[in-house]
Amino acid sequence: MVALPPAGRRLFEKGRRLGLHNLVEVGKVCYVLAVWRQRDEGRKLISPQDLISRSPCTSASRYHSRPKVNQVPTKVALNRTSLYLHCMSTKVVQGSRRYGYEECKATADWLLDQAPVRPLVGIVCGSGLGGLADMLKDQKIFNYGDIPNFPKSTVHGHAGRLVFGTLKGKPCVCMQGRFHLYEGYPIQKITMPMRIFKLMGVKTVILTNAAGGLNQDYKVGDVMIIKDHINMPGFAGINPLSGPNEESFGTRFPCMSDAYDRKLQQLAQEVGAELGYSDFLREGVYCVLGGPSFETIAECRMLTRLGADAVGMSTVHEVIVARHCGMQVFALSLITNQAVMDYDSHEKANHEEVLQTGEQRSLQLVKLVSTMVARLDVASDYTNGEAHHC
Ligand SMILES: O=P(O)(O)O[C@@H]1C[C@H](O)[C@@H](CO)O1
C-alpha cells in the first residue's frame, strides 16, 4: 500500500475509528466510500460544488488539491471534526472492484485449498429450500462468515453456509442461502459467488428460488422451470455488470436471449415426467423486483400483463453474472404463494408461508435436482489441479 501523507493518514485513521468500514486508500488519496454507520450522527451533507470552492481549507482536499475530473465527489459529509468525500469516480469504481477478479480468485483459492472436491456443479438454494444442500455426500461446510470476501446471510430461511460434496458422484458446491439486493449489499457483492464458482471450475449453475405465482393457472406448490426473465431493476440501470467490464470474466455486452439453457430445461421436463411430477411442473417467465416489500395488487396485475408468470426478489442478478462468465444456467421457481390480484381477496403474502411451502415441496425438489445432476454431462477442465483462467 502506498504511504499516505500525514494528513491523509490522520483522516484515514479517524474514519476507521468512526466506524467507516468502507475506507480504501487509492494511491495518495484517501477515499471514504458511501457506507456510513448510523452512529455517525453529527454529519451534514454539502454539495460537491461547495467542496470544490472550499477545497483549500479541508484536510482531505489539502493534498488532494482540487478534485480532478475523475475524482469528482458526489457528496461530502461533515461531522463536528472531519470532512469526508464520497466519490463516484473512476477511482471509487476501484472500490467496487473489491468484488472483482483478484478478490474472487483469492476466495476461490482459499476455498479450493480446503475443499474435498473441485466442483463442476454449483447450486443456489432459495428461501426455505436449503434442504437441497443436505443431499451432498462427504460434505465440507464453510460458514459464510468464515469465508474471506464473502457476504453474510441476513434472511431467515437462508442458513449462510457453503457446502461442498458430491451428488450422484458429481463434485458440487451448494450455497445454502443467497444474498438479495434488499439486504443492502451492492449488487456486485451479492453476485460475487457466481464468479467464485466460475474460478473454482463450476460449469453448470442450478438456481432455485421461492416466488409468487402470477399466472392464474399456477397453484401453490407448483415448480416452474424458468425459461426467461424480466429484469425489472435492470430497467433502472441496476445491473450486476454495471461499471468497468471485467474482461477476464466476459464480454462487455453479454447476450441474455439464451440465458437459460434449453437442453437443461428439456432434461428437467424429462426427469420431472419420469418422477411423476408433470402435474405440478410448469415452465414460465420469472420477474425480479427489488423487494423486500411484496407487490401491490396493481403491480401484480401489471407484471402479468408484461408476461411474467412468477415474481420474486433474486436469481436474475446471479444468472446475468453466471452467463457473463460462460457458465451454463438452469433455474427453478417454487411457487410458494399466489400473488394477490384481486381487491376482494383477503390473502396476504408473507415470508412464513414462503418457508412453509418450501419445506412441503423440499423432497420433490431434491429428487428433481439430484436426478438432473446425475445426468449432467459435465467434464472437468482442470489441468495440474489449477482452475483455468476464465
Ligand atoms: O432467495 P429467494 O428468491 O428464494 O427468496 C424469496 C424472495 C425473498 O427473499 C423471500 C420472500 O419470502 O423469498
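The values are calculated or read from the model by the stated rules, or taken from the named source; none is laboratory data. All figures in this text were calculated on a predicted structure; none of them were measured in a lab. Glycine gets a Cβ as well: all are built from the backbone with ideal geometry, and neighbour counts include every protein chain shown. Keep in mind that these areas ignore ligands, DNA and RNA; they rest on the heavy atoms of the full protein, side chains included. Shrake-Rupley method; radii C 1.70, N 1.55, O 1.52, S 1.80 Å.
See the values below:
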read-out: Count - residues of region 189-202 that are open to solvent by 10 Å² or more (accessible area, probe 1.4 Å) and either modelled with pLDDT under 95 or within 16 Å of the ligand (Cβ to nearest atom) (or both); value: 1
read-out: Residue count, region 216-248 (criterion: away from the ligand (no atom under 16 Å from the Cβ), in a loop (DSSP other than H, G, I, E, B) and within 24 Å of LYS263 (Cβ to Cβ)); value: 0
read-out: Which listed residue, of GLY291, GLY276, is surrounded by fewer than 19 Cβ atoms within 10 Å (Cβ to Cβ) and closer than 25 Å to ASN231 by Cβ; value: GLY291
read-out: Any pair with Cβ under 7 angstrom, 6 or more apart, that starts in region 336-356 at a residue that is more than 24 Å from THR154 (Cα to Cα) and ends at one that is of a type in the set (Lys, Arg); value: MET341/ARG301
read-out: Only listed residue being in contact with a Leu (Cβ under 6 Å, 6 or more places away or on another chain) and modelled with pLDDT of 95 or more, chosen from VAL220, VAL316, VAL288, VAL311; value: VAL311
read-out: Selection count where residues are surrounded by 21 or more Cβ atoms within 10 Å (Cβ to Cβ), under 15 Å from the mean Cα position of the chain (by Cα) and away from the ligand (no atom under 16 Å from the Cβ), scope region 125-173; value: 1
